[in-house]
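**Q** One structure follows; several queries about it will come next.
The values are calculated or read from the model by the stated rules, or taken from the named source; none is laboratory data. Quick caveat, the model's predicted, so the values are computed rather than measured. We place every Cβ from the backbone using ideal geometry, glycine too, and count neighbours over all the protein chains shown.
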Amino acid sequence: MSEGTYLILADYFFLIFHNLLIVFNLFGWIVKKWRRWHLACILLTFASWGILGIWYGFGYCPLTDWHWQVLRKLGEYDLPSSYVSYLLDRILGIRLSPNLVDALTVGSTLLALVASLWVNFRKK
């Protein structure tokens, strides 16, 4: 296979995997069997955003970084700083204010974290 084919496959891999990760981070706490995995995953997400964010900028995600590298090699430039902004535009054709997208992203992820903490540590 050519490099272009590998890059296209990598693009779709990141698109699918990252979307699944986002959905899992938002809703994985609902399924009882997944709750501990969800808590670990969402804590890792916040660690990436905050701890790695010290060096790379708040909200840093290695998946986004790697996907951007693939997209640049495919000739895409002027990519947004937010992966969620990119998804809204690519999949739904919706362009919202970057500040609004960031607020919705952080807010919904914080709600999912609170829900995860609640279902994992409440007294039964």
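**Q** When you check GLY28 against the structure, is it more than 11 Å from the chain's Cα centre (by Cα) and surrounded by fewer than 16 Cβ atoms within 10 Å (Cβ to Cβ), yes or no?
**A** Taking the combined requirement at face value, the residue does not satisfy it.
**Q** Same structure again: Condition test on HIS38, is it under 29 Å from LEU9 (Cα atoms), in contact (Cβ under 8 Å) with a residue 60 or more places away in the chain and touching a helix residue (DSSP H, G or I) at 6+ places or on another chain (Cβ under 9 Å)?
**A** When the stated conditions are applied, HIS38 passes them.
**Q** Another question about this same structure. Quick one: ALA40 ticks every box in (1) of a type in the set (Gly, Ala, Ser); (2) surrounded by fewer than 16 Cβ atoms within 10 Å (Cβ to Cβ); (3) over 19 Å from ASN120 (Cα atoms) bar one, so which box is it?
**A** Just one mismatch for ALA40, condition (3).
**Q** Something else about it: Can you say whether ILE51 is surrounded by 16 or more Cβ atoms within 10 Å (Cβ to Cβ) and either in contact with a strand residue (DSSP E or B) (Cβ under 7 Å, 6 or more places away or on another chain) or at pLDDT 95 or above (or both), as far as the supplied structure shows?
**A** So ILE51 does not fit the description; no.
**Q** With LEU117, LEU71 as the choices, which residue is under 30 Å from THR5 (Cβ atoms) and part of a helix (DSSP H, G or I)?
**A** None of the others qualify; the one that does is LEU71.
**Q** Also: Could you tell me which of the residues LEU44, LEU7, LEU39, LEU21 is over 23 Å from ILE91 (Cβ atoms), of a type outside the set (Phe, Trp, Tyr) and touching a Leu at 6+ places or on another chain (Cβ under 8 Å)?
**A** The conditions single out LEU39.
**Q** Additional query: Considering only region 55-109, how many residues are crowded, with 17+ Cβ neighbours inside 10 Å, farther than 24 Å from TRP29 by Cβ, of a type outside the set (Gly, Ala, Ser) and within 15 Å of the chain's Cα centre (by Cα)?
**A** Final tally of qualifying residues: 3.
**Q** Inside region 1-20, can you point out the residues that are farther than 14 Å from LEU63 by Cβ, aliphatic (A, V, I, L, M) and free of Cβ contacts under 8 Å to residues at least 24 places away in the same chain?
**A** MET1, LEU9, listed by residue number.
**Q** Residue under question is TYR77, and the condition is that it be outside any helix (DSSP H, G or I) and at pLDDT below 95; does it hold?
**A** yes
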